[in-house]
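Enquirer: Take this structure first; my questions come after.
Rule-based calculations on the coordinates, nothing more; no lab input. Since the structure is predicted, the reported quantities are computational estimates derived from the model, not experimental observations. When we count neighbours, we look across all protein chains shown, and the Cβ atoms used for this are built from the backbone with ideal geometry, even at glycine.
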């Protein structure tokens, strides 16, 4: 950052940020941050309580180079992990859809000299003790890797954390029950997914406007067309931050298989979001529905049409 370095220490919720030493502490322990992550945090702290646009953040942190929005998104995610902020917490950094970010926690600031006496003490070890601690740490780290790898790979911290499902539009009033059934199935199934907030949507707004009102990351919307005994459902996902359609797919099926179609759409949306249904929800699929879902993933041309591009939500690659 090209701003003048201030001899200031910021404190909030057990955290301490030293602008001169460029260090973050929590309860007396150092929290590691990359240089860009620290610059991002410092800029947010200096503008605490205000909405900082993404452009302002990128100009402040990468003033000497041109970067994409994805770089900023990665730094924000790293900061949230470092601060121990869970999905839906928003105790520190809040995303303002369509604009940027805001640091919302109450902070105290003072000069570093006033905190010298309470600065976290440095630890000193003799050589033998250091070797012993290093060996013990290596063993613990190895065990943690073995048991934690599965959990780390199953959960993607960059995926959307909040979602809204619009009522699907229909071409004829007689087919309204089809669109309603698909929307309600998606809300019910995705609403039970851990770490994913699904909000109800207003009926008088488009996908982008509804997403902004509800402060969600993405919106799922779609339409239903029927030709005698055949029904076609087009499903789309809109990234609220950019207003872009980031994923879409078309499903064709017989009206007689409408329940299987509803579940198939729910399974596909969950797959794209990289989330898993609970075991209780999985047991709700009856064999005929599972057969249809299996055909989809086996590439049966009679079960599904269209291709899926790499899904990106606000610079987050999900596909």
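Enquirer: Between residue 111 and residue 99, how many nm apart are label points set 7 Å from Cα along the C-beta direction?
Expert: That separation, rounded to one decimal, is 3.5 nm.
Enquirer: Measure off 7 Å from each Cα along the Cα-to-Cβ vector at residue 230 and residue 242, then give the distance between these two points in nanometres to one decimal.
Expert: Taking the simple label geometry, residue 230 and residue 242 are separated by 3.3 nm.
Enquirer: Now for a different question. Residue separation times 0.36 nm, minus the C-alpha to C-alpha distance between residue 48 and residue 7: what's the value?
Expert: Extending this stretch completely gives an extra 13.0 nm.
Enquirer: Using 7 Å Cα-to-Cβ label points, what is the residue 90/residue 192 separation (nm, one decimal)?
Expert: It is 2.7 nm.
Enquirer: A follow-up question, please. Provide the FRET efficiency to the nearest 0.05 for the residue 258-residue 70 pair, computing r from the beta carbons and using R0 = 41 Å.
Expert: 0.55
Enquirer: Distance from the Cα centre of the range 175-229 to that of the range 47-101, in angstrom?
Expert: 28
Enquirer: Order these by the 10 Å Cβ neighbour count, fewest first: 232, 16, 174.
Expert: Lowest count first: 174, 232, 16.
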